[in-house]
1. Is it true that some residue in segment A:155-162 is surrounded by fewer than 20 Cβ atoms within 10 Å (Cβ to Cβ), modelled with pLDDT under 95, of a type outside the set (S, T, N, Q) and over 27 Å from B:A94 (Cα atoms)?
2. Go through segment A:148-162 and count every residue that is more than 14 Å from A:I181 (Cα to Cα), among the aliphatic types (A, V, I, L, M) and more than 7 Å from every other protein chain (Cβ to nearest Cβ).
3. Within segment A:1-21, work out how many residues are closer than 13 Å to A:I32 by Cβ and either among the aliphatic types (A, V, I, L, M) or at pLDDT below 95 (or both).
4. Just a yes or no: is a residue in segment B:211-233 closer than 25 Å to A:F60 by Cα and either assigned to a loop (DSSP other than H, G, I, E, B) or in contact with a Lys or Arg (Cβ under 9 Å, 6 or more places away or on another chain) (or both)?
5. Can you work out which of the residues in segment B:54-65 that are more than 7 Å from chain A (Cβ to nearest Cβ) and among the hydrophobic types (A, V, I, L, M, F, W, C) is farthest from A:L145 (Cα to Cα)?
6. Is it the case, given these coordinates, that B:G10 is touching a residue at least 12 places away in the same chain (Cβ under 8 Å), at positive phi and surrounded by fewer than 22 Cβ atoms within 10 Å (Cβ to Cβ)?
7. Taking segment B:55-75 only, how many residues are free of Cβ contacts under 8 Å to residues at least 40 places away in the same chain and closer than 17 Å to A:A94 by Cβ?
Number of protein chains: 2
Amino acid sequence: MTYELYYWPGIQGRGEFIRLALEEAGVPYRDIAKDPAGEAQAVSKLQAVLGDAKTPHPSFAVPLLKAGDLFISQTANILMYLGAHHGLAPADEAGRIWTNQLQLTIADWVVEIHDTHHPLGPMEYYQDQKQEAHKRAASFLKYRLPKYMGYFETVLKQNPSGEQFLVGSALTYPDLSLFQIIEGLRYALPRNQSRIETKYPKVIDLHDRMLKRPRIAAYLASSRRIPFNEDGLFRHYPELDM
Amino acid sequence: MTYELYYWPGIQGRGEFIRLALEEAGVPYRDIAKDPAGEAQAVSKLQAVLGDAKTPHPSFAVPLLKAGDLFISQTANILMYLGAHHGLAPADEAGRIWTNQLQLTIADWVVEIHDTHHPLGPMEYYQDQKQEAHKRAASFLKYRLPKYMGYFETVLKQNPSGEQFLVGSALTYPDLSLFQIIEGLRYALPRNQSRIETKYPKVIDLHDRMLKRPRIAAYLASSRRIPFNEDGLFRHYPELDM
């Protein structure tokens, strides 16, 4: 079975959290965003799957992973599935729950990052909400970003198995997602990140170790990694990087 | 073992999705928000659990469920646990994944509902973001609310086991959460709901059947149900009910 990943072409977005897990697991997958027939074809395949009037399990949005007969959507849900099947999560119930809890907290963080440039909602362009974005980003930088960064620093500090990983003493999928958040924040808010990162040495150390994992390093150097850009989740608008 | 639910006193908030599942399952729980020593005591218990510098599994926020030795947070995560232990979710992997996927979509909807009155973020008062809230609410009512309502109508329509429940032919925890969303929207946006609900008859029918379930009816009539108010997730600001 080869997995199929359905996500919008041209952006990393939430699809990237799935790609990082697939790449680290070393499992084959077909990335529909990279359809050889081009992006328009990719989008029409994606819309066909989202609009399927016969499926017993309609999806609200992508990312969506086709795993044999299963069509799984919601980022944290897909990662839970991949974690269970490819050794990226503990097998026991308490460990699975804790791993999922961390991923759901990352999902909340992702929404707040998105909302720094789209406080009036996903349907309006950034250009039409620049003033509001400035206010929301200021509040995010002052209160929320330190809260999230500090939380994950605490998780690493209080991990009884040591400070190397978020869960126990081995890599799990939220480690990869936290790596991606740091990459994205550095792209979007470089001035702010360079000022605050020294306060969160354990998080940054985890990021740096993910970067050196052979499969992750190979993926990031490949054409499979879509560059960050201003259509995605992490956007570099210098006026928001206060 | 008696569960303990930690959540802010005085509001339904995200804690209510947990309460509804506990009530329907008929399992005993101690609601820390209703601490007999009063709300200040409840808040200090909650802060003690959130700030515990020794726990191997720190929580970012509440709701949090103490289940024996486990401290579980994130609403969808707690519900997944309760679903598995109290017959509120299918036992097979495909069914568990689908149920979780629906709950995560409800969680996204909840964030968007919250953001109608807090587009500039959770740290600022509504009074300081009324203009922005008006814009965000308008976009929500026009685009996002119909998309979510239509999605759950489609899920019911395409359920191969019939239109009675979201998952298969028995109640699962997202049914209760969808009920709560409709209750909340009716409280927050009564004019809009009275205009749109006829377009989503299957969702409303599900809501109405949840309302009649003996344990849910008994709960709603009890003092355990905190009334809706303007400190919670669903707030009735007539100026946003366009």
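The values are calculated or read from the model by the stated rules, or taken from the named source; none is laboratory data. Treat the numbers as computed from the prediction; the structure is a model and nothing was measured. Ideal geometry is used to build each Cβ from the backbone, glycine not excepted, and the neighbour counts take in all protein chains shown.
1. Within segment A:155-162, none of the residues are surrounded by fewer than 20 Cβ atoms within 10 Å (Cβ to Cβ), modelled with pLDDT under 95, of a type outside the set (S, T, N, Q) and over 27 Å from B:A94 (Cα atoms).
2. Count: 1.
3. The number of residues fulfilling the criteria is 2.
4. Checking segment B:211-233: at least one residue is closer than 25 Å to A:F60 by Cα and either assigned to a loop (DSSP other than H, G, I, E, B) or in contact with a Lys or Arg (Cβ under 9 Å, 6 or more places away or on another chain) (or both).
5. Going through the qualifying residues, I end up with B:L65.
6. Yes: the conditions hold for B:G10.
7. Initially, segment B:55-75 is screened for residues free of Cβ contacts under 8 Å to residues at least 40 places away in the same chain, giving B:55-61, B:69-74.
Right, trim to closer than 17 Å to A:A94 by Cβ and you get B:55-59, B:69-74.
The number of residues fulfilling the criteria is 11.
Per-residue answers, yes or no, for (1) assigned to a helix (DSSP H, G or I); (2) surrounded by 16 or more Cβ atoms within 10 Å (Cβ to Cβ):
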{"residue": "B:E16", "(1), (2)": "yes, yes"}
{"residue": "B:R19", "(1), (2)": "yes, yes"}
{"residue": "B:R30", "(1), (2)": "no, no"}
{"residue": "B:A33", "(1), (2)": "yes, yes"}
{"residue": "B:P36", "(1), (2)": "no, no"}
{"residue": "B:Q47", "(1), (2)": "yes, no"}
{"residue": "B:P58", "(1), (2)": "no, yes"}
